[in-house]
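Below is one structure, written out as structure tokens; comments come after it.
Nothing in this text is a laboratory measurement; each read-out follows from the coordinates by a stated rule. Fair warning: this is a prediction, and the values are worked out from it, not measured in the lab. Please note: Cβ atoms are built from the backbone with ideal geometry, for glycine as well, and neighbour counts cover all protein chains shown.
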Amino acid sequence: MVSLPITVYGDLEALRDLGESIRSERLRRNIAQRRVAELAGISLPTLRKIEQGNGRVEVRHVARVLGIFGAVDHLRDLIPAAPPPLDARAMLAEPRQRARSRRTLSS
């Protein structure tokens with residue numbers, strides 16, 4: 001699988017910012033980490049990893065925490081809905097490459 005750099009904003013920065021936002025919201029609401037973890041049905045170490053921006057946390061755990069803050073609906077806004085392509089198979093297919101022509105050696 002090929003990874004294409006589309007933006008200078010990397011995944012590590014995005015996860016760290018998301019974790020900081022979750023932490024800030026938790027603190028703003030004055031809720032202890034242990035209580036958020038309990039409400040989300042996750043372990044305290046998992047919540048700490050989320051708040052630290054650890055990329056090895058399951059998305060469903062992040063979604064549960066977002067649900068506690070009433071923000072889980074924003075997940076669908078991450079990628080705007082787009083109309084389906086006219087020919088889905090053509091859009092998913094790898095671009096074809098032309099074969100190189102053989103050169104004959106002349107004596």
(request) Per residue of the stretch 12-24, in order, report the coupling 6.51 cos²θ - 1.76 cosθ + 1.60 (Karplus, θ = phi - 60°) as ³J(HN,Hα) in whole Hz, putting x for Gly and Pro. (result) 5, 5, 5, 5, 5, 5, 4, x, 5, 5, 5, 4, 4
(message) For a quick check: with amide H placed at 1.01 Å from N, whose amide H comes under 5 Å from residue 57's, ignoring anything fewer than 5 positions away on the same chain?
(response) none
(request) First select every other residue whose beta carbon is under 12 angstrom from the beta carbon of residue 52; then total the charges, Lys and Arg +1, Asp and Glu -1. (result) +2
(request) Taking H placed 1.01 Å from N in the peptide plane, check which residues at least 5 places from residue 42 or on another chain put their amide H under 5 Å from its amide H. (result) none
